[in-house]
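Report on one structure; see the data block that follows.
Please treat every number below as a calculation from the coordinates, not as lab data. This structure is a prediction, so every number in the text was calculated from the model and none was measured. We place every Cβ from the backbone using ideal geometry, glycine too, and count neighbours over all the protein chains shown.
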Ligand SMILES: Nc1ncnc2c1ncn2[C@@H]1O[C@H](COP(=O)(O)OP(=O)(O)OP(=O)(O)O)[C@@H](O)[C@H]1O
Ligand SMILES: Nc1ncnc2c1ncn2[C@@H]1O[C@H](COP(=O)(O)OP(=O)(O)OP(=O)(O)O)[C@@H](O)[C@H]1O
Ligand SMILES: [Mg+2]
Ligand SMILES: [Mg+2]
């Protein structure tokens, strides 16, 4: 079962790579601007052999992980608190909706102003962007609690905390999981974008150098690396999800004979 | 009607509940007044949709009445009081799908702060008594409807409540299991002296189980009649059900419900509140 | 046992169903073989958790059997066949909360491609016959449990099926409504000549309604007995239920179920398949 | 707030002052890297920490808030900043145009086979510049104007340098104002240079400079002086050793060696050319770039 | 009326407090990048004239709408397919996850190769960024359709498009709406990013121009406008949601009302 899924996924990826090879080869775009997969693979090989690349990768992953962790904790806690405390949701709604769409690119001068090009300014942007993903999903998730389940918990005298832990949280978990997967990608995107624009060390800064140097295959090789990172992150998130949501319709439906 | 502080365990006084929303206004309960004494087992019957679930939820502090009040030992119920257990009609949705059966039963006990070993014991006992000792490790959605309903009952039993509110708890179980569970409930009630309010559609069950049967009218709901069940305290499935008095009582209740559905109460509800003596069969 | 092409409307042959997953393996149904003739009304009884719902779902093409097969008019059932309606035990979850009651009933008719006016008529008829003419505009979650169950029944009736599978359809409705609905089902059956398979826990109901009662054993499930109900075709709540033959039949079924629960079938199931004559009371 | 710069104060120990620089990873800043490699800064008691950024958006606020001590920016940007009361102070020359027509590091180019051969033909055409309302816009407009065209009729489109070769090749734009290494890239695709816009603004135009914040300049005049001297020396060294300059570029960019050989290096004079900057300012004012007239005396060293 | 006033109080209180704090904290600021709120508000009417709204806000909003609508359509359609078929999901997921992780600023050049530098490119950038939350939530929502409901539909022959329309999509709609909500603000962010490339008008373009041109108070007013735009769109969104998910909110409110 699991092996089959893996094979199917690999097949999908292979088809995608083939497409990448074919498009420039067929002359649909000039290969100088969109190099075929094989040339990107060559550049990727050069990258992998470069120790600076691995340092950059480490920097990026640090920024990503720390940012995501902070955003996830803050988002979940804020989401639950806002839903549970009466009237808080109504009171914060307008502010949340106002702050959420403020583009992180507009915050770049702010981040630099505060922290220069250090990790912290990357973190500021990463946390700001991914926090909302988790918050909104948590809000929707908590709202999804079945009224009968909620009444059951209340009738058995479960206090606020116990209700959160045993009823609210499991109900919201599928939503939070989706939020986490969304946020993981957003955090990665923002880490790289911030590095790219601010110049903090990491993969993004390397992409920026490749871009300004007209080193097209190198640039694509680095983009591929970010894509692969995203892929791996998703695989991790999926396996966590399968374990945490074994009871959920979406997971159990696949186990049943 | 004037309200005086009652002596009962549960006092329902002038209860009224109106649902409003999504373009519908339903007066589910118009004016209900009755008392459940401490240690009493009262059965509640009435036509479908007359407001039994609504009444039970108000008594359990899960719904705020539109008017009137519910008193538990003389104190007004505003939220779910401790020591009260509830078995929901929608058993399927009242079990948490993310917990195994054992955990579902255990959760309220954890909340009560019982020790681990005591909890284990209570859970195992309760599951055994509803015939589900094997199913502790299954998820609720892996069980049949009747089994799910029994899990919900086990959860209430394990909780060791003083007051037990049960909303059609045996609707989905087979006749034999039902008989066993009826005897289990009566047994627990006699043993522990708990107060039980039991909603059912089965008239025989109401008469067999209850010390008193409260018949509700069709919507807009009032108390149609209260009937004392003067059968001996020792009841068993074989003999009690064939006793002539049993037949009289069930026929009376049946007629009352039919009357309730037609909307022509045989006695005025206000009078019926005082009807304690067995009615003419 | 060899399989020959049956003459029945529904043929169940050597049906076996095993659930596996989340660390549990349950053999819900071991080996079931029986036939429902065209235009027959068969009642199915059996202990809670014995696999009635599982059996019905296999017959309705909703579950794939682990072994054996179900034939509908000689053709193997692989998915839900057209012209078959299903009333689910979990009535609350089988109604769509985003549709009003009327829309819930209407949806399958739309699917059938009926005209708007015909649909209106059928919906109104069906809702009226279950006593819910007023509730068409309400959402299912604004209704009481019994009302929800009646909506599910109305949906099946409006569908005008050839074959009707009902899984404890009256579990949540009160005695009076239940009696009315029983008569409604029998009336429709006689009028339209449809084939009905009816799961119930109420033995009286099974005997009152059915032409034949199939008793299932406890898990691992086989057919414990099949019993022909030799009551007159014209039945009514008052007279049929007090007939001596009725009492005999219900006592017999009761004993069978008790035997099933104890796991000691009185007759070997293979023999029972042929038992068509009324058993010794 | 006022003390936001405290966290990034240059630290000095044992007579060596560490300063942070915000640079763009392009050929232009090769002298700094070369000077660092040659130990010129060390000799002047400076230790450089170089951060790269993609543009002024990150460098200017960094310098103003004190996260960096020095940054690299083109002169128009500095003048725009100053006219908006952003307290910047140019300290030393950065790069200058080669001043040789058709042999500059910046060029106005069209695709191979394009009918356009002269800037005035760009009227009604789409021309890409890296940033609107900045030095390259001034330059393109001046080239068109000088060729007798009406610059207002040119449709300027903002596009990053690295996107211009592809956009030009696909016909999404009709001409592009590019700098190295994109210039080399377009040339290798057969693109044709129709003007040298920087040369058109003024001879020997000072294009970019190193700058600091006014506050830092006031508080640390001696560090600024050291930086000026060391940078001037580095510029002179790079100017004198173009091959070494080319070689050092590979250490902080990824420009392929083959391209790098073709790259036209900018001029690295040690002194800024004030006259050219005044010309640039006049043109900028004419094009409405500034809110208030920049005060060159205050801005320039 | 009273409920309306109460809502108004809820909507306004926190923003008012925050604005007051900002005003007080920034009032004596001399830092060019942190202008006093007073200055920003004073600049606001000068910058955001009707003319400017017409030339910048309108094209931006049109592009945003087009991109968002595309993303919603594609996200829900693709999400339904992927969520319904396990095999399809297995094949597509790696590729989608791969694409999802690529940052828009480096993706834009690639998109430009295929879609040029006009409106199509910008709409595409917005759509490509917005589609993920919608897609993911649709996939999860579709996967989580209640088993009893799914079986009911199946047994009544409600299949194919009818099943999709009457069962799968309504059942997944709460989660789909969570995704649509997420996508809305991401759309505004991408609108800004897309206008950093080859644009000559638009809100994002203007804000970035202000930033590059060191017109700092103007830039702050731009940020405020973007926030306001987000707020307005979310109000519209909520109105739509309340209509479409009326049943859902009614159902969930059963407990909330009873508290
Ligand atoms: N959440 C709700 N919103 C609106 N109306 C409701 C709601 N819940 C119940 N009602 C209405 O209130 C009335 C009484 O419902 P209730 O569930 O109390 O009946 P019941 O006596 O328990 O019926 P049953 O025996 O069928 O379970 C019904 O008419 C029902 O439609
Ligand atoms: N989805 C499932 N996964 C695993 N086991 C299941 C599942 N559904 C049912 N079972 C098991 O199969 C057996 C038969 O279940 P089924 O629902 O058919 O019983 P039933 O006869 O309908 O009982 P009831 O009268 O209580 O509704 C039970 O032991 C149950 O635990
Ligand atoms: Mg009820
Ligand atoms: Mg069942």
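Counting, for every residue in C:247-259, the Cβ atoms of other protein chains within 10 Å of its Cβ and taking the mean gives 1. Ellipsoid semi-axes for region E:57-199, based on the Cα gyration tensor and the rule √(5λ), read 32, 16, 11 Å when sorted largest first.
Per-peptide packing, taken as the mean over residues of other Cβ atoms within 10 Å, places D:142-148, E:115-121 in the sequence D:142-148, E:115-121 from highest down. Per-residue shielding of E:106-119, expressed as the average number of other chain Cβ atoms within 10 Å of the residue Cβ, stands at 6. For residue B:234, inter-copy separations between label points set 7 Å beyond Cα along the Cβ vector come to 4.8 nm, shortest first. Taking the 0 to 90 degree range and rounding to the nearest ten, how far is the long axis of helix A:169-198 tilted relative to the main principal axis of chain A, both from C-alpha atoms? Between the helix axis and the principal axis of chain A, the angle is about 30 degrees.
Tell me, rounded to the nearest percent, the portion of alpha carbon pairs in chain C spaced more than 23 Å apart. Of all Cα-Cα pairs in chain C, 54 percent lie more than 23 Å apart. Working note: Debye formula, equal point scatterers on the alpha-carbon atoms of the protein assembly as shown, no solvent; log10 I(q)/I(0) at q = 0.07 Å⁻¹ is -0.82. Rounded to the nearest 10 degrees, the angle from helix C:101-112 to the longest Cα principal axis of chain C is 70 degrees.
The Cα atoms of region D:43-170 cover 55, 30, 28 Å along the three principal axes, with the biggest extent listed first.
When D:129, A:145 are arranged by Cβ crowding within 10 Å, least crowded first, meaning fewest neighbours, the order is A:145, D:129. Annotation: the residues E:210, C:246, D:227, E:4, sorted from fewest to most other C-beta atoms within 10 Å of their own C-beta, follow the order E:4, C:246, E:210, D:227.
Per-residue shielding of B:79-89, expressed as the average number of other chain Cβ atoms within 10 Å of the residue Cβ, stands at 4. Under a Gaussian network description of chain D, with springs only between Cα atoms under 10 Å, the residue in D:174, D:102, D:152 that fluctuates furthest is D:152.
Comparing C:24, C:119, C:150 in a Gaussian network model of chain C, where Cα atoms under 10 Å apart are tied by springs, the biggest mean-square fluctuation is seen for C:24. Beta-bridge orientation, the protein assembly as shown: approximately 55 percent antiparallel, per DSSP, counting only bridges with both partners inside. Taking the inverse of the mean reciprocal distance over all distinct Cα pairs, the Kirkwood hydrodynamic radius of chain A comes to 20.8 Å. The protection proxy used here, the mean number of other Cβ atoms lying within 10 Å of each residue, ranks peptides E:50-57, A:102-109, D:183-190 as follows, highest first: A:102-109, D:183-190, E:50-57. Across chain A, Cα pairs under 8 Å and at least six residues apart give a relative contact order of 23 percent. Our summary gives region E:5-132 a relative contact order of 27 percent, counting only alpha carbon pairs under 8 angstrom and 6 or more residues apart.
Comparing E:139, E:106, E:207 in a Gaussian network model of chain E, where Cα atoms under 10 Å apart are tied by springs, the biggest mean-square fluctuation is seen for E:106. The packing ranking of peptides A:201-210, A:127-136, highest mean first, is A:201-210, A:127-136, where packing means the average number of other beta carbon atoms within 10 angstrom of each residue.
With neighbours defined as other Cβ atoms within 10 Å of a residue's Cβ, the residues A:228, B:42 order from fewest to most as A:228, B:42. Over chain C, Cα pairs under 8 Å with separation of 6+ residues give a relative contact order of 23 percent.
Per the Debye calculation on region C:93-160 with a single equal scatterer at every Cα and no solvent contribution, log₁₀ I(q)/I(0) for q = 0.24 Å⁻¹ amounts to -0.97.
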